[in-house]
Amino acid sequence: MSVSWTLPFDEKILPEDRSKSTTAQDYAKVHRKSVEDSREFWAGVAREMEWFRPWDRVLDDSEPPFYKWFVGGELNASYLCLDRHVKTWRKNKVALIWEGEPTADGRPTEVRTLTYYDLYREVNRLAHLLKHRYNIKRGDTVGVYLPMVPELPAVMLAAARIGAVFTVVFSGFSSDALAERLNDAGAKILFTADGVWRKGKVLDLKPIADRALEKAPAVRNVVVVRRVGGRTAMREGRDEFYDSALKEVPVNAFVEPERTKSEDPLYVLYTSGTTGKPKGQVHDIGGYLTLLHATMNWVFDVRDTDVYWCSADIGWVTGHSYIVFGPLMEGVTGVMYEGALDCPAPDRWASIIERYGVSVFYTSPTAIRGWMRNGEEWVRKHDTSTVRLMHSVGEPINPEAFRWLFKAVGREKVPFGSTWWMTETGGILISHLPGLHMVPMKPGTNGPPLPGIDADVLDEAGKAQEAGERGYLVIRKPWPGMPLTIYKDPKRYVDVYYGRFPGVFYAGDYAVKDEDGYFWILGRADEVIKVAGHRLGTYELESALIQHPAVAESAVVGVPDEVKGEVPVAFVILRQGYTPSEGLKKELNDITREKVGAVAAIREVLFVSKLPKTRSAKIMRRVVQAVAAGRSPGDVTTLEDEASVEEVRSAHEALQHEVRGGKSS
Ligand code: PRX
């Protein structure tokens, strides 16, 4: 397949005052050279970090695609994020400014600032607790189901300190989703909280964790952070409050950081794919930290004077890499915010920028589109002129959203990019690089691949596409930060990422390269949808729906949404004896929330009597997707029954009609 693609824009913005600005052609030369000898190139980057022991081999490629970086090297993530700084003037520099969601008179009522030394002390005490009280050993798994509280990065760092592997489950996931991940990862202990503030309300987390724990018997101990207060049911002998447990640890406890190997696992993070079972991405230590070190400097250009804010949640990879390990390793002052960016009013985010003087801002297209809808007057209530650099992540950025933030906060001059990466890649791989060589920006693009990253766009047959032709995004050579494997499923790792085009990593995204060598990532090429930048497998939602006794079959597809990018819509065939009703729709919505979590809220459930299928009875999701998005279904010659397309179309049109008719009024 070779589909020609018309680029949406050819306009370029060259920011003023770019000391490091370069042309796309000059950057391409630098890039080519770095990729030719990518091992030596990455070794140069890794040498900038502090290792307990240098590596013997830059890359072990004896068992592709299970690559190992910096083999023989020893280092410790907690040491690099903390100990290294407390030996310098950064000891009492602020590491984290944490702000809780509640406000009074529009001002936050809870702010905690932790210096590098504060965090160092907390992490040491936690490491002591893990080791001596809970008997967690190197290689054991620590489960984490915490909201955005400072204890979350502390637990991650403490686990890393003793060489334990952590697995963080996003606090918006349901008990079933939590149980599945804890079991798969083999967690022995769980850190959670009594609750969290979200959109002005308290959400109880511990009862969700308790329900998960009923199904995760290997978890022996549960440590509960008191976030919201009030009564929380605790199970004797298993549960303990975080503050009470820490009270028993000497205040100056010191735990020697473990000499972990570069290729040891740092964490397992689950992500959605095209089957119902989430994939546990296992990230190493040495390669992962090398990529973060590089990107914090090239992409975010961080300096000691910066206040850096990444508005993601640590429950997703963005937070792992760019709230916790990246910024702390570089000794940056970071902002961490607990709640919703528009709570209590649409200007909360702009007020955070103003109050802390944020200079580097990392956010998402969904957030930007929400602010855009609320109007620029909300931003103008605040002085956001401290911002000198911005990036977005998670989904393609539409040029309108780009332009809006570029003007509203960027004053039409600060560098602003859309960093492409995924849970699998560990860190940013395609982006503008204001800290290295800034090429002209173009609204909507992701920019060129990083130095040392051999990205390309291939057609169906694996042939490289010409500039302007749409194809599949791949990364040809191994890069530091790549997964070690899928936890307990190496075969799936090979099939999913290296099965499509042998020898190269298949990202699952459509992309196009332009004549300047910039990449434009256009969206997923598989059955994964991005809802507000969160990755959801449509199959996960279908697996949840099928558990309802009324559901015979279903197809969940993503349809475009003005703010969230995409939202899931379910087409459902009912079993005999069931009839469509509003009540049933609600039950089906509830079941997806229960099985997956609130992140999986289905926008609409549409009842149909047939779905487009191939003659071998496989649902043609591509056809359903096209019809639901209002497009032509394309080639339907393999369809078993063409009338099914009409059914889907009329169900969808009825919905549109209902919406236009003001259903909610
Ligand atoms: O489709 C791409 C999209 O997000 C996917 C990865 O999702 P996840 O693993 O949840 O990681 C998100 C945060 C790193 C990609 O396959 N994506 C991510 N960033 C961008 C993007 N699409 C376009 N532009 C981006 N900047």
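The values are calculated or read from the model by the stated rules, or taken from the named source; none is laboratory data. Bear in mind that the values here come from a model prediction, so they are computed numbers and not experimental data. With ideal geometry, Cβ positions are generated from the backbone for all residues, glycine too; neighbour counts draw on all protein chains shown. Side chains are part of the model used for accessible areas, which takes the heavy atoms of the whole protein and leaves out ligands, DNA and RNA. Shrake-Rupley method; radii C 1.70, N 1.55, O 1.52, S 1.80 Å.
Below is a table of values for the structure above.
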read-out	value
Karplus-derived 3J(HN,Hα), 6.51/-1.76/1.60, for each residue of segment 80-91, Hz, glycine and proline x	5, 7, 10, 3, 4, 6, 6, 7, 10, 5, 6, 3
Accessible area expressed per residue, the chain, with surrounding protein chains retained (probe 1.4 Å, Å²)	38 Å²
Distance from segment 104-136 to segment 582-654 (C-alpha centre basis), Å	47 Å
Pairwise label distance in nanometres, THR614 with SER581, each label 7 Å out on the Cα-Cβ vector	3.8 nm
Kirkwood hydrodynamic radius (C-alpha pairs) into Stokes-Einstein, segment 289-403, 4 °C and 1.567 mPa s, D in µm²/s	90 µm²/s
Sequence-separation-based contact order of segment 291-405, relative, with Cα cut under 8 Å and 6+ spacing, percent	27 percent
Amide H contacts under 5 Å for GLY597, placed H, 5+ residues apart	SER174
Eligible aspartates and glutamates near LYS131 by straight Cα distance, threshold 18 Å, same-chain separation 8 or greater	GLU122, ASP140, GLU151, ASP239, GLU240, ASP243, GLU248, GLU256, GLU258
Peptides 344-354, 543-553 ordered by average Cβ neighbours within 10 Å, highest first	344-354, 543-553
Equivalent ellipsoid dimensions for segment 527-656 as semi-axes, Å, which come from the Cα gyration tensor, largest first	21, 18, 13
Percentage relative contact order, the chain, counting C-alpha pairs under 8 Å, at least six apart	14 percent
Segment 540-570 residues near the modelled GLU640 label - backbone nitrogen below 13 Å, point 7 Å along Cα→Cβ	553-554
Relative packing of peptides 629-635, 421-427 - highest average C-beta neighbours within 10 Å first	421-427, 629-635
Rounded, prolate or oblate (a/c below 1.5 giving rounded, otherwise prolate when a/b exceeds b/c) for the chain by Cα gyration tensor	rounded
Accessible area, probe 1.4 Å, largest first, for residues MET482, MET234	MET234, MET482
Mean-position separation - Cα centroids, segment 220-260 and segment 264-312, in angstrom	26 Å
Chain lengthening between ASN183 and VAL202 when straightened (0.36 nm per residue, less Cα-Cα)	4.1 nm
Sequence ranges 458-469, 275-286, ranked by mean other-Cβ count within 10 angstrom, highest first	275-286, 458-469
Gyration tensor (alpha-carbon) shape descriptor, segment 120-235, a/c threshold 1.5	oblate
Segment ARG231-LYS93, extension gain: residue separation times 0.36 nm, minus the distance between their alpha carbons	46.1 nm
Built amide H within the under 5 Å cut-off of SER392, gap 5+	THR363, GLY417, SER418, THR419
Whichever lysines have a C-alpha closer than 16 Å to that of LYS381, once near sequence neighbours (fewer than 8 apart) are set aside	LYS407
Cα-Cα over 23 Å, subset of LYS201/LYS585; LYS188/LYS279; LYS215/LYS564; LYS20/LYS93; LYS93/LYS137; LYS277/LYS595	LYS201/LYS585; LYS215/LYS564; LYS20/LYS93; LYS93/LYS137
Kirkwood Rh in Å, taken over all unlike Cα pairs in segment 28-99	14.8 Å
Cut-off 18 Å (backbone N to label point 7 Å along Cα→Cβ of SER650), residues of segment 571-599	571-574, 580-581
Simple label model, 7 Å out from Cα along Cβ direction - ARG380 to ASP561, nm	3.0 nm
Length added when fully stretched, GLU460-ARG603, from 0.36 nm per residue minus Cα-Cα	48.2 nm
Percent accessible area from carbon and sulfur atoms, the chain, protein chains only, probe 1.4 Å	49 percent
³J(HN,Hα), Karplus 6.51/-1.76/1.60, whole Hz, each residue of segment 456-465, x for Gly, Pro	7, 10, 10, 8, 3, 8, x, 8, 5, 7
Residues with amide H under 5 Å from that of GLY72, placed H, sequence gap 5 or more	ASP56, SER262, GLU263
³J(HN,Hα) computed for each position of segment 270-279 - Karplus, 6.51 cos²θ - 1.76 cosθ + 1.60, integer Hz, glycine/proline x	8, 9, 7, x, 9, 10, x, 8, x, 9
Estimated inter-spin distance, ARG593 and VAL111, nm [label 7 Å along Cα→Cβ]	3.5 nm
